[in-house]
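**Student:** Structure provided below as structure tokens; questions to follow.
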Amino acid sequence: VGLGWDVDRPARTDVPSDQGWETALHAAAGNGDTAMVGLLLELGADPAVTDGRFQGTPAQWAEHFGHTELAAFLSARSG
């Protein structure tokens, strides 16, 4: 981000690819990485952004992967 990278740039995190499926916030939320979610939000990540494959928000990704507290945290910030 400090070098100009868009914190909300969609990419694939499962394989090397130029396809824009999810943002870093989606990946962090799906992994249950609370610290990374917090950092990304501090850097300006949009908690209401939807991914290009399922049209889900980071909160929905967190919920899908069983991270209910993180999902609630993100939902409260995407209003």
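The values are calculated or read from the model by the stated rules, or taken from the named source; none is laboratory data. No experiment lies behind these values; they were computed from the predicted model shown. Because the Cβ atoms are built from the backbone with ideal geometry, glycine has one as well, and the counts that use them run over all protein chains shown. For the accessible areas, the whole protein counts, side chains as well, though only heavy atoms, and no ligand, DNA or RNA atoms are used. Shrake-Rupley method; radii C 1.70, N 1.55, O 1.52, S 1.80 Å.
**Student:** Quick check, is residue 61 in contact with a Gly (Cβ under 8 Å, 6 or more places away or on another chain), of a type outside the set (Val, Ile, Thr) and at pLDDT 90 or above? Break it down into steps so the answer makes sense when it comes.
**Tutor:** Working: in contact with a Gly (Cβ under 8 Å, 6 or more places away or on another chain): yes; of a type outside the set (Val, Ile, Thr): yes; at pLDDT 90 or above: yes.
Taking the combined requirement at face value, the residue satisfies it.
**Student:** Looking only at residues in segment 3-34 that are open to solvent by 80 Å² or more (accessible area, probe 1.4 Å) and modelled with pLDDT of 85 or more, which one is farthest from residue 62 (Cα to Cα)? Spell out the reasoning first.
**Tutor:** Taking segment 3-34 as the starting set, the residues that turn out to be open to solvent by 80 Å² or more (accessible area, probe 1.4 Å) are 3, 5-6, 9, 13-14, 16, 18-19, 31, 34.
Okay, now just the ones that are also modelled with pLDDT of 85 or more, so 6, 9, 31, 34.
Numbers: 6: 22, 9: 19, 31: 7, 34: 10 Å.
Result: 6.
**Student:** Of the residues that sit in segment 44-79 and are of a type in the set (Asp, Glu) and closer than 19 Å to residue 11 by Cα, which one is surrounded by the fewest Cβ atoms within 10 Å (Cβ to Cβ)? Explain how you work it out, then say what you get.
**Tutor:** The first filter runs over segment 44-79 and keeps only residues of a type in the set (Asp, Glu), leaving 46, 51, 63, 69.
Pick out the ones that are also closer than 19 Å to residue 11 by Cα and you get 46, 51.
Numbers: 46: 16, 51: 20.
The residue in question is 46.
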